[in-house]
Amino acid sequence: MITRKTTLKSLPRFVLAGSLLLAIPLLTACNNSPDSSEALSHINRAETYSEQGQFRSALLELKNAIQKDPNNVEHIVRLADLYLQVGAAKQAAELLAPWMQEQPDAVALTLARAYVEQGKQLSATETLAMQTPDSPEEQLEASLIRAEALRRSGESADALALFTNLSTSNPSNIKAITGVLQANINLGKNTQAIEAADEWLAKNQASPEVLYFKGLAQYRLNQLEQSSATLTDAVGILPTSDMFLPIRRNVLSTLSRVLTEQGQITEAQIYNRILAENQNSDAREQGQAAIEAIKEGNFEEAKEILRDTLKLDPENEQLAMLLGAISAGTGELDEGAQLLKENLDPETTPTQFIRAATMAQIDTGDREAALETLSRAIKARPKDNELLAMHGILALSLPGHEDSGIASLSKAIGNEPDRVRLRLALARYYLRNEKPEQALGQLRMAFTSNPADWATTSTYLNVLIQQGEEQEAAEIRDSLLNGYGDQPRAVLLASLVDTRLGNPEKAKSQLETLVKSNPELQAPQVALASLYAQTGEREKAVNLLVDAATLTPQSIRPLQQAGQIYMQDHNVTEAKSWLADIAKDHPELTQNTDTLNALIAITQGELAEARTFLEPWKDSESPIMKRAYGQLLLAEAQSAVNSKDWSEARAKAAEAITLEPENIGFALLPVGIAQAEGKIDDAFAALDAVEETHGEVTATMLSRAKLLNQQKGPGGAYEYLAERWQATKNAQLMPPLIGLAKAEDPASLDSLTESWLNTTPQNLAAHLARAEWLMSNNQETAAANHYEQVLARQPNNVAALNNLAWVLRENDSDRALKLAAKASQLAPNSPAVLDTYGWILHLTGKHGEAKTAIEKALALAPDNKEIAAHLDTVEKAL
């Protein structure tokens, strides 16, 4: 593994090996009594060597000084400064960081500079915040670091303003003027950069750094001749040294590029050879070979190349992360996740590797760690839209982080308003949380930006229709047909809208034309088949769905839909024969027909027959096949439980868990088996093991409540669920908790229903529960408000229709009658609904119709005394 903490990367390999053994404060050398005078002589020699460009010797002298006087932080800072001078910012930071807690004033500025030179501007600003500069020189350096941190964060305009002020106040400072030049170049102001460089050079001695950025700006403006001259001047005044300094690399690489574009290939090759001699060409070549293997799809070869290269270059983090990304993406999740985690720095790691690392963390169940990585990354790079989007989408999926997710996605959308999929992500979050108006707001803006993003437009139309916004849906339909009438997806969406708006014949005509002209498209065929089924043309629907199934044999859904429609007119035996004919006519669908035959057999309790169909496909990687085999194992386990064959039941459960280890339902099978066997302690132990693996989730809490109900009675289950509700506010616990409270603690129903509604104010079940309590406590007016809210979003909710009709029976009998009539149409065999409808008919003087409705209600519930009394009253009124 490539672990940052085990070995510290050295300065260019041939110089700095071993120097970082001095990174730990208080680490002593050969003696325990530092000789300060000897250390000072080493320091003096180091300064002399450094001034002469003999950095190797200077480094050795500084290491000797630290060995003599290991607790002298000034020596540590000197070595860090030298690291920075030769371009080893990471080594400087690793050297200084351990001293930060004990000596912040001594090391903070140099450490902050080391961080910002690595691109870790967030760490730089955090480090600066821990120290107060005393001298004007320290204040200037802190300001320069802050300005550079702004520039590297993408805030180039703010950075330019700060660098300009610093350069004006310190006209000879090279860091200030190069900051001005870089910020201008970042902003695309290359002409201004050249002017600023010329102004500075006219007043100061020429600097290779200033000439480099001037030449770079000229190159950006395609002033190749001027750029070549400027960079050649820079080469002439580069400092002499025994190491290949960063400024030399920058000047020569840019000059080589300029000369190449001028056609001066021979001159460019001179500089290319110098550059090649001063870099690790073997690692580069191996890395390129790995990339070529990836392009060709030879991932195993790429991994082998990278592993071999890392043996020779164990500190190459880029190659380690590339290997981690490939490993994670090719099934070696543990190795990939570990490599990515150990070599990732949220501030500096390229975005694609952060994406790979966070995906690996999510896949290994460490979503919180993934979010922490992304949170740090967006602090360091607040304008990186990919990072903002990743952070936003992940945060929305984690309880307690939703607000930060909304903020990140909103910021990303603000940066790129046309990224409609980000608006779709926000809309889906609002829909999950039952906030349809906010969802529609995002979807409307998305449609305005890009109507042809079909997934987003489809969601938009679905929400409009669900919310009863039929006029707006019709307008969007017309807009699609007018603007995108030649696009199959637009015609498909328009047809679906027509279907849901009650225009089936128009929709059918459009879809038939679309299917005929685009026989290769499956979605129109499925939509048309659905429409055929709705209008009673089931045979046509079945045949069309079979045709659709042949387009994607790997997907079982079209054939499954065909089977569901076929079963409306045929029995099980006929269905099996039909599936056999399909397999014969379409061999490519055999796996799907076998799967459906097995599912039919499972529902019929014919488990041996089901196994016969599934056994040939047991090793298939198809998710559908795995799911079907899992259902068979579940049924076999249940059958064994019914036969009290406990060992067989446990064996089937174990096989199901092995098949789908992430399936919480399968994981809980041993709990249910132990419970059925009467071994409650074993059941609790099995449940504890499940929670160790999967955490405490809704399913485990409900399972524990069932065990407590068996062990201690309803009171024990009620106390447990009440406690977990207070701790988690998990709304899925509420239905069983309310049910238990009705018997165990009726007085708590007021606070429970109110708390549920306050926690999830858009939850319809919460509104219904609250309304039920209000009704039972004679607060019908307050209950009506909740029923109105339910019906606003679910116009066909029978309970809300029925109960609101009852509330309005005296004060608004006309509306009450309409509501009750609709409820009776939706639930024609519900005694309570028929009784309400009949009673309201009676109150409006329609006694004959009332008698018919209530008689039917009483026939369905012959022991209901209230319905009997209502019938008696109605009969007397006739």
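The values are calculated or read from the model by the stated rules, or taken from the named source; none is laboratory data. Just so we're clear, the structure is a prediction, and the values are computed from it rather than from any experiment. Note: ideal-geometry Cβ built from the backbone for every residue, glycine included; neighbour counts use all protein chains shown. Quick note on the areas: whole protein, heavy atoms, side chains included, nothing else; ligands and nucleic acids left out. Shrake-Rupley method; radii C 1.70, N 1.55, O 1.52, S 1.80 Å.
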| task | Whole Å is fine, so just give me how far the alpha carbon centre of the stretch 599-676 lies from that of the stretch 511-531. | result | 37 Å
| task | Go through Leu221, Leu62 and list them by solvent-accessible area, largest first, probe radius 1.4 Å. | result | Leu221, Leu62
| query | Given the protein chains as shown and a 1.4 Å probe, how many square angstrom of Lys341 are accessible, to the nearest 10? | reply | 140 Å²
| Length-normalised contact order of the stretch 670-711 in % [C-alpha pairs under 8 Å, at least 6 apart] | 35 percent
| query | Can you give the calculated 222 nm mean residue ellipticity of the chain, where each DSSP H run of n ≥ 4 adds -39,500 (n - 2.57) and the sum is split over every residue, rounded to the nearest 500 deg cm²/dmol? | reply | -23500 deg cm²/dmol
| message | From Cα pairs below 8 angstrom and at least 6 apart in sequence, can you work out the relative contact order of the chain, rounded to a whole percent? | response | 4 percent
| query | Restricting attention to the alpha-carbon atoms of the stretch 732-799, what are Rg (one decimal) and Dmax (integer), both in Å? | reply | 11.5, 33
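In the P(r) worked out for the stretch 133-182, what percent of Cα pairs fall beyond 19 Å? Walk me through the numbers on the way to the answer.
Numbers: 200 of 1225 pairs.
Counting pairs separated by more than 19 Å, the tail of P(r) holds 16 percent.
With +1 assigned to the C-beta of every Lys and Arg and -1 to the C-beta of every Asp and Glu, and no other charges, what is the dipole magnitude of the stretch 722-794 about the Cα centre in debye, to the nearest 20?
Values: 5 positive and 8 negative charges, 54 e Å.
Value, rounded to 20: 260 debye.
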| Given [x] 60, 37, 24; [y] 68, 33, 32; [z] 60, 38, 21 as candidate values of semi-axes √(5λ) of the Cα gyration tensor in Å, which corresponds to the one derived from the coordinates? | [y]
| said: Could you sort Met567, Met625 by their accessible area in this structure, using a 1.4 Å probe and putting the largest first? | reply: Met567, Met625
| request: With label points built 7 Å along Cα→Cβ from the Cα atoms of Ala868 and Ser517, find their separation and express it in nm. | output: 6.7 nm
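Could you tell me the convex hull volume per residue, in Å³, taken over the Cα atoms of the stretch 60-184?
103 Å³
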| task | Beta carbons within 10 angstrom, averaged per residue: use that to sort the peptides 659-666, 839-846, 93-100, highest first. | result | 93-100, 839-846, 659-666
| message | Could you compute the net charge surrounding Pro382? Neighbours are other residues with a C-beta less than 11 Å from the C-beta of Pro382; K and R count +1, D and E count -1. | response | +2
| Sites Asp334 and Glu691, calculated FRET efficiency, Cβ-Cβ separation with R0 22 Å, nearest 0.05 | 0.50
| query | Taking the alpha-carbon set of the stretch 68-142, what are its Rg and Dmax in Å? | reply | 11.4, 35
| task | Could you size up the charge dipole of the chain around its Cα centre, putting +1 on the beta carbon of Lys and Arg and -1 on that of Asp and Glu, and report it in debye to the nearest 20? | result | 1020 debye
| request: Any chance you could look up the accessible area of Asp682 with a 1.4 Å probe, heavy atoms only, rounded to 10 Å²? | output: 80 Å²
| note | With all protein chains in place and a 1.4 Å probe, Val86 shows an accessible area in Å² (nearest 10) of 10 Å²
| query | How do Ser408, Ser639, Ser647 stack up against each other in accessible area, from largest to smallest, with a 1.4 angstrom probe? | reply | Ser647, Ser639, Ser408
| query | Given labels modelled 7 Å from the Cα in the Cβ direction, how far is it in nm from Lys742 to Glu102? | reply | 6.9 nm
| task | Based on a Kirkwood Rh over C-alpha pairs, give the Stokes-Einstein translational diffusion coefficient of the stretch 680-732 at 4 °C and viscosity 1.567 mPa s in µm²/s. | result | 115 µm²/s
| remark: One checks the Cα atoms of the stretch 792-878 and finds Rg and Dmax, in Å, of 11.9, 40
| field | Between the stretch 111-155 and the stretch 391-420, the Cα center-to-center distance that results, in Å | value | 29 Å
| task | Counting only heavy atoms of the protein chains, get the accessible area per residue of the stretch 341-420 (1.4 Å probe) and round it to a whole Å² value. | result | 43 Å²
| Two-site label geometry, Glu788 and Leu398: point separation in nm, points 7 Å out along Cα→Cβ | 4.1 nm
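Which percent of the accessible heavy-atom area of the stretch 505-584 goes to carbon and sulfur, probe 1.4 angstrom? Show your work: numbers first, answer last.
Numbers: 2010 of 4050 Å².
Answer for the stretch 505-584: carbon and sulfur cover 50 percent of the accessible area.
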| note | Rounded to the nearest Å, the spacing of the alpha-carbon centers of the stretch 469-483 and the stretch 857-875 is 49 Å
